[in-house]
Amino acid sequence: MSKRGQHTLNEILSQTAAWAQALEVVESHRDAITQLRKAHPEIRALFTGCGSTYYLSWAAASLFQQLTGRGARPFPGGELILYPQTAYETDTPALMIAISRSGTTSETVAAVQKFQAAGRGPVVAITNYADTPLTAAADVSLVISAGQEQSVAQTRSFASMYVAVTAFAALAAGRKDLLSQMQALPVLGEQLIEKYEALARSLGENLVLDRFYFLGSGPRYGLACEVNLKMKEMTLTHSEPFHFFEFRHGPMSMVGESAAVIGLRSSVNARHEQTVLDEMQAMGGQVLSLGEAEADVCFESGLPEEIRNVLYLPVLQLMAYYRSMAKGLDPDQPKNLNAVVTLNLENL
Ligand code: F1P
């Protein structure tokens, strides 16, 4: 019998080895990715997944567009099968990047099959398991086995696939230099975990807090969505993600002494984003900022903004883990949730 929460903690703490493998996997597919870029220089990208991997698609699409200058949009797998006309542009080919830890989630696999049946374009899979319906269907598969997990909620797997997608976007943009700089990430991640685990624990164990708001803009919005999902799944706490300025348009009415407002701050817009956090602190909220410098959690990575975003994840995943434990829950096994969600999609 495993101890309550043992798998989640182990997976969070060991994730940097999976980041390193993600970089190796992308590097080993460099020719295939370069070939895709050259064969389809103008192609737009559709990123898809479900749950955590849908949020990963959000983060990835934004980053892909920022790095390559090509249009990219995220869709939940389910929306691509129910409303493909809202995603596909008439007569315009697209590149689909399907993201799934398991490679077996019904909607994601069906979205890929539907995309292929309509002859829309090539498919790249980003996943943690080989030999799945997803890898069987994809033209190129980036499989990061070191991201596999025993827990239901994604932590190590998510981060490993996010590193892979970041490296993929860098190569799709022809930026090999960024891929080389990413090699520093695993060591930086380890240092960050070591330095800030105690802070994550004290915030996580603060049960006076009853609501969590995660603010992230641009490529960080999808990451804010994901850490918000960790709070829901693992800790059964009211939690929501927002773009920084959006939070001021209504949601800030919820801020008071029991609210945590957590800012995934950029460098490029640090001043504006910090202004929002300062305002929430003045309203009584418990504020935590994460960023490259002058933040409660400082990365001090020296890396370009586009490639260091994975560093936001471990401390916030740990915060969710410690809150779950403090509430007497089992973070390895969230309520009402299975590791893979399967639906009967026969008639779609
Ligand atoms: C995604 C998923 C999520 C869910 C949970 C378990 O599966 O089912 O929807 O929130 O985190 O994983 P996958 O397609 O990435 O395997």
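From the residues in the stretch 77-110 that are surrounded by 16 or more Cβ atoms within 10 Å (Cβ to Cβ) and of a type in the set (Val, Ile, Thr), which one is nearest to residue 146 (Cα to Cα)?
Going through the qualifying residues, I end up with 99.
Among the numbered criteria (1) basic (Lys, Arg); (2) more than 18 Å from residue 338 (Cα to Cα); (3) touching an Asp or Glu at 6+ places or on another chain (Cβ under 9 Å), which single criterion is violated by residue 120?
(3)
Collect the residues in the stretch 125-163 that are more than 17 Å from the chain's Cα centre (by Cα), more than 11 Å from the ligand (Cβ to nearest atom) and hydrophobic (A, V, I, L, M, F, W, C), keeping them in residue-number order.
130, 136, 137, 138, 140
Take the residues of the stretch 162-191 that are closer than 23 Å to residue 31 by Cβ and charged (D, E, K, R): which is most open to solvent (accessible area, probe 1.4 Å)?
Per the stated criteria, the residue is 176.
Out of the residues in the stretch 313-337 meeting the condition of being more than 14 Å from the ligand (Cβ to nearest atom) and of a type in the set (D, E, K, R), tell me which one is least open to solvent (accessible area, probe 1.4 Å).
Going through the qualifying residues, I end up with 323.
Residue by residue through the stretch 168-201, note down the ones that are under 11 Å from residue 67 (Cβ atoms) and in contact with a Leu (Cβ under 6 Å, 6 or more places away or on another chain).
The answer is 169, 170, 173.
Please go through the stretch 192-212 and give me each residue that is assigned to a strand (DSSP E or B) and surrounded by fewer than 24 Cβ atoms within 10 Å (Cβ to Cβ), ordered by number.
211, the sole residue that qualifies.
For the stretch 131-147, how many residues meet the condition of being touching a Ser or Thr at 6+ places or on another chain (Cβ under 8 Å), of a type outside the set (Val, Ile, Thr) and touching a residue at least 24 places away in the same chain (Cβ under 8 Å)?
Count: 5.
Looking only at residues that are in contact (Cβ under 8 Å) with a residue 40 or more places away in the chain and of a type in the set (D, E, K, R) in the stretch 86-113, which one is farthest from the ligand (Cβ to nearest atom)?
The qualifying residue farthest from the ligand (Cβ to nearest atom) is 89.
Please work out if residue 324 is under 22 Å from residue 155 (Cβ atoms), assigned to a loop (DSSP other than H, G, I, E, B) and of a type in the set (Ser, Thr, Tyr).
Against the criterion (under 22 Å from residue 155 (Cβ atoms), assigned to a loop (DSSP other than H, G, I, E, B) and of a type in the set (Ser, Thr, Tyr)), residue 324 does not qualify.
Determine which member of the set 300, 306, 346, 294 is at pLDDT below 95 and either in contact with a helix residue (DSSP H, G or I) (Cβ under 6 Å, 6 or more places away or on another chain) or open to solvent by 40 Å² or more (accessible area, probe 1.4 Å) (or both).
346
Checking the condition open to solvent by less than 50 Å² (accessible area, probe 1.4 Å) and more than 16 Å from the ligand (Cβ to nearest atom), which residue from 36, 13 passes?
Every option except 36 fails the conditions.
Being part of a strand (DSSP E or B) and surrounded by 19 or more Cβ atoms within 10 Å (Cβ to Cβ) is the requirement here; does residue 142 meet it? Full working, then the answer.
On the way: part of a strand (DSSP E or B): yes; surrounded by 19 or more Cβ atoms within 10 Å (Cβ to Cβ): yes.
Judged against the criteria, residue 142 is a match.
Could you please tell me which pairs satisfy a Cβ distance under 6 Å, a separation of 6+ or placement on different chains, a first residue in the stretch 64-85 that is small (Gly, Ala, Ser), and a second residue that is in a helix (DSSP H, G or I)?
72/61; 72/64; 72/65; 77/107; 77/108; 77/111; 78/107
The values are calculated or read from the model by the stated rules, or taken from the named source; none is laboratory data. Predicted, not measured: the structure shown is a model, and the values here were computed from it. Here Cβ is always computed from backbone atoms with ideal geometry, including for glycine, and neighbour counts include all displayed protein chains. SASA here: full protein model, heavy atoms, side chains in, ligands and nucleic acids out. Shrake-Rupley method; radii C 1.70, N 1.55, O 1.52, S 1.80 Å.
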